[in-house]
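Step one of this worksheet: look at the structure below.
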Amino acid sequence: MTKFDLDRFGKVMSRLLVMCQRKINVIFITFLIIFLVFAMFTIPMFSGKTMDDIGYKSLVFDIVRLLRGFSPIVFFVLGTFFIQDLEGRQQRINELILPATNLEKFVARVLLVAVIYPLAICASFIVADGLQQLISMIIAHGERMSMVVAYFDIDTYVSVDSPLWTKALSTLMIYSIAIYGGLLFRKLAWLKSIVIYFVVNILFLIGFFFLKLFLYENTDYEIVFIENPYASLISIGVSLLMFWSSYKIYTRLQVINNRWRNI
């Protein structure tokens, strides 16, 4: 088995979905509860506002904007769950002896954390929004406002300076980094990955600040941000590097590992 076989990949994907069904249900229910709590603030009776109040629409947009602000962190954490179900010895043995190529098993797990888990969250958001609208129509005599529609109506969602495809590539890059962290660390991968990710970003910002300060005090140059035509290529390059590195770690997973990392 050296070639990627779609029929065999479908069986691997189906098996993985069955094995992770409980985790998918937990993600759905957990975020459904979270979204319902936030949705309560958009219901007229609980928000203290009326449908005709100008501040009501602003309130809904503020809540949706808050939820969207936390979404990158949530999706990053989901990416670190790449092999969370392989913490036990028997689970790793079952994964290693599975009659499929490493690439097929790796791609199936990428789709699980990058597509299936986010879809579970999106489904919980839609269900929570539907319940919110139903309650609003009962209380406000048929009037309602959708949080899903508000999510896409926020002006900053897609702008000229940041088109949708650029956001997609950035999301792909963040996912690739999260998956790499999830494979690199053996325990508490999500926490270690987040800490290191933020530390690296903070160090980068500190270095950039001192560089800008040095240029300002000692030269006639200054740093000016302009649109970088190579930003997309950088995102693609980093994503490919992280996915390649993650795949290499995945192919070297050991049944027994007492170290803090998987390499």
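The values are calculated or read from the model by the stated rules, or taken from the named source; none is laboratory data. Note that this is a predicted model, so its numbers are computed, not measured. Ideal geometry is used to build each Cβ from the backbone, glycine not excepted, and the neighbour counts take in all protein chains shown. These accessible areas exclude ligands, DNA and RNA; they are computed on the full protein's heavy atoms, side chains included. Shrake-Rupley method; radii C 1.70, N 1.55, O 1.52, S 1.80 Å.
List of remarks:
- You will find that of Leu67, Leu98, Leu16, the residue that is at pLDDT 85 or above, in a helix (DSSP H, G or I), farther than 18 Å from Cys122 by Cα and open to solvent by less than 70 Å² (accessible area, probe 1.4 Å) is Leu16 and no other.
- Glu104, sole failed condition from (1) modelled with pLDDT under 90; (2) in contact with a helix residue (DSSP H, G or I) (Cβ under 8 Å, 6 or more places away or on another chain); (3) in a helix (DSSP H, G or I): (1)
- Filtered residue count, the stretch 175-195, keeping only those that are open to solvent by 50 Å² or more (accessible area, probe 1.4 Å), touching a Phe, Trp or Tyr at 6+ places or on another chain (Cβ under 9 Å) and in a helix (DSSP H, G or I): 4
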